[in-house]
1. Determine, from the Cβ-Cβ distance of GLU156 and LEU257 and an R0 of 22 Å, the FRET efficiency 1/(1 + (r/R0)^6), rounded to the nearest 0.05.
2. What trypsin sites (Lys or Arg not before Pro) does segment 160-213 have in DSSP loop regions with at most 13 other beta carbons within 10 Å?
3. What is the distance, in nm, between label points placed 7 Å from the Cα along the Cα-to-Cβ direction at ALA190 and at TYR143?
4. Per residue, how big is the convex hull around the C-alpha atoms of segment 153-266? Give it to me in cubic angstrom, could you?
5. Could you list, in their original order, any pairs among LYS215/LYS254; LYS154/LYS183; LYS31/LYS92; LYS92/LYS254; LYS154/LYS228 whose Cα atoms are separated by more than 25 Å?
6. Could you give the spread of the C-alpha atoms of segment 21-116 along their three principal axes, from largest to smallest, in whole angstroms?
7. Compute the label zone of PHE197 within segment 131-166: residues whose backbone N is under 15 Å from the point 7 Å along Cα-to-Cβ.
8. Where does the chain land on Rg/Rh, using Cα atoms and the Kirkwood Rh?
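Here, each number is a calculation from the coordinates, and none is a lab measurement. For clarity, every value in this text was computed on a predicted model and none was experimentally measured. No Cβ is skipped: glycine too gets one built from the backbone with ideal geometry, and neighbour counts run over all protein chains shown.
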Amino acid sequence: MASKSDFAYAEQRRDTDHESFLSHKRMRWLKVSVAICLIVIVSYFLVDVEPRHNGGTWYGYTLGTIGAGLIIWLSILGIRKRNISEGRWSLKAWTSAHVYLGLALIVIGTMHTGFQLGWNVHTLAWALMMLVIISGIYGISVYAALPRALSTNKREMTRAQMVEALAAIDRQLETAAQPLDRKESDAVIAALDQDVFRAGFLARLTGKYPRCATKRALRAFPDGSINKAEEKVSSLLNRRTSQLGQIRRHMRYKALLEVWLFIHIPATIALIAALIAHIVSVFYYW
């Protein structure tokens, strides 16, 4: 028989399941991040270093050590995703910490430099850090907005069902196009032969398909000057255009969800390499 504590735990689990990683534990990691930033900013102006703030002072070394540790720790999230667990360090808690402490790096990393930036490996490490953070902000934005749009576009259809709906229209088009003249028939065949999923990355990302054979085929059937057979084909081509739109929107939303990873992950790897070079060069010339 279930105890009261079991019911309380189940209720807590339901609340946690509906909680966003951004608002996890009443935005605990946002508060931690803000506190860290305030401490760094205030101490930056209170600490007196000679001749001026830069990464080579004791204060700069302190912030640099904290920043480097955070970068390595935050980069472990990709590994952490493969080990989902409950409790204090659940994936949701880890992701929340990753986001807010990652944003805190803007302050920590910039104050570490003392605003002494130039054309060197030290500035490269800072620039790559900013690129990783900016791409991360983009990732948060798309993951917050696009899943709902993706779900609305699918209209309770799976990807396979969307493709099957298109295939059903194509079968009707093949039959309906039989009595057409050669020119119109060729236009329909070209539309049917075009691979829906063979599109460049830019086309998938923007949702723009200027070489769409289906739209080209529709121009062969102008309104007001077509017979019944042509009218049926035109109607089917319009249905095909609508179904293609649904599939292409799905492809676009998926591309927008994934594109940031093509920047965020390589930039993170480059950042770690630049960070190692930065640290080695500092100790070499120390």
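1. Details: r = 20 Å, r/R0 = 0.89.
The calculated FRET efficiency here is 0.65.
2. Sites meeting the loop and neighbour criteria: ARG198, LYS208, ARG211.
3. For the pair ALA190/TYR143, the computed spacing is 4.4 nm.
4. Taking the convex hull of the Cα positions in segment 153-266, it is 108 Å³ per residue.
5. LYS154/LYS183; LYS154/LYS228
6. Each principal axis gives a Cα extent; for segment 21-116 these are 49, 25, 16 Å.
7. 158-166
8. Over the Cα atoms of the chain, Rg/Rh equals 1.18.
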